[in-house]
Amino acid sequence: MSANTLTKFSLVHLAVTAAITACMLVTPVNAADEHAHELEHQHQAERHDEHSHDKHEDEHGHDKHEDEHGHKDEHDDDHGHKDEHGHDEHGHDEHEEGKVHISPEQMQRSGIATQIAQAGDIKQTVTVYGRTVLPEAASSQVKARFAGLITQMKVNVGDRVKAGQVIAEVESNSSLKRYSIKAPISGMVVERNANAGEMANDNVLLSIIDDSRLWAEYQIFPAQMRSVAVGQQLLVTGTQQQADSKLEYLLNAPQGQLYQLARAPLDNTNGQWSLGSLVSGYVTLSKQAVGLMIDNLALQEMEGQQVVFVRNAEGFEKRVVELGLRDSQMTEVLSGLIAGEEYAVQKSFLLKADLEKSSAGHVH
């Protein structure tokens, strides 16, 4: 091989070697570029994901105090409560501290009644028990004056009659003439024992009672006899009614009983007292004038304090009161109320219950 040929071969060999070396150097650079591009792309994706996550959290209220439903991370949460109109989630009116909002119409439907605070007498009383009875002159057993044939009966049981009203007709056996039988008293027919076509002899045809006036008759036992006397005032109470009266009679009990019978009249013109019903009596032994008193039904206990509910423009407000003397019906008020204020009496416990319910609803 000539020197010229060897020289050419060496040059080719060097060119090939240089080319291979160049390829080996270029390839890692390109790979590094591609790897760097991939890292940059991945970093951008991660930043995009983080941005999307933050946005998602903002939309669902994780990083804010107010979410898409408008709730705030404060005390007005999903338990509570007041909206801009002062109503809670159940639609109840907001209760101010110690106040109950109620309209006159709601009061009437609930049976809440009021009285005016004023001066009066606190009474020392003794309690007696008995029942209502009919005055002896207030009943009549109607018979025929002359024996004969009953031709007509004009009234029935339950009818009310007036004294002098014709209630039956009889044809006399002796004269064969017809005559009328008239009601001897005003009152109610409670018995009818005869009919037309029957004979009237000495038998009772009708029974009439006048229950427009009754006696409240009480048993007075030996321990009470020294305290109870004719002329004393008393309060007669029944199941749902009461009336002022005074003792008119003290009678010995029948058949040698050790107690006495005290009687006080009851006006029953409106029929509010039933004959034979049980009654209590509060006999006044003494009384003391006080500057201000209220009905016992008005008093309610809340948190260990005696309170009453005083009327205001929007309903009632709770008022703590200091009390003094007390009897079976009334209590003296030393402070917390002034004369002339209107307060709840009947059904005042409904106001207490409403206020307690409202207070419990605001406890978290």
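The values are calculated or read from the model by the stated rules, or taken from the named source; none is laboratory data. Only a predicted model underlies this, so the values are computations on that prediction, with no experimental measurement involved. Because the Cβ atoms are built from the backbone with ideal geometry, glycine has one as well, and the counts that use them run over all protein chains shown. Remember, those area values only see protein heavy atoms, side chains included, never the ligands or the DNA or RNA. Shrake-Rupley method; radii C 1.70, N 1.55, O 1.52, S 1.80 Å.
Tallying residues that are part of a strand (DSSP E or B), aliphatic (A, V, I, L, M) and surrounded by fewer than 16 Cβ atoms within 10 Å (Cβ to Cβ) within segment 98-144 yields 2. The set of residues in segment 271-291 being touching an Asp or Glu at 6+ places or on another chain (Cβ under 7 Å) and either of a type in the set (Lys, Arg) or open to solvent by less than 70 Å² (accessible area, probe 1.4 Å) (or both) consists of Lys287, Val290.
For segment 213-231, residues that are surrounded by fewer than 17 Cβ atoms within 10 Å (Cβ to Cβ) and within 37 Å of the chain's Cα centre (by Cα) total 2.
Identify all residues within segment 189-212 that are farther than 30 Å from Tyr282 by Cβ, open to solvent by 40 Å² or more (accessible area, probe 1.4 Å) and either in contact with an Asp or Glu (Cβ under 7 Å, 6 or more places away or on another chain) or not β-branched (Val, Ile, Thr) (or both); write none if there are none. Across segment 189-212, the qualifying residues are Glu191, Arg192, Asn193, Asn195, Ala196, Gly197, Glu198, Met199, Asn201, Asp202, Asn203. For segment 316-352, the set of residues classified as among the charged types (D, E, K, R) and within 13 Å of Ala119 (Cα to Cα) consists of Glu332, Glu341, listed by residue number.
Residue count for segment 240-261 satisfying the condition of being open to solvent by less than 100 Å² (accessible area, probe 1.4 Å), under 39 Å from the mean Cα position of the chain (by Cα) and closer than 19 Å to Leu278 by Cβ: 4.
Considering each residue of segment 76-96 in turn, none proves to be modelled with pLDDT of 50 or more and either within 30 Å of Ile181 (Cα to Cα) or among the hydrophobic types (A, V, I, L, M, F, W, C) (or both).
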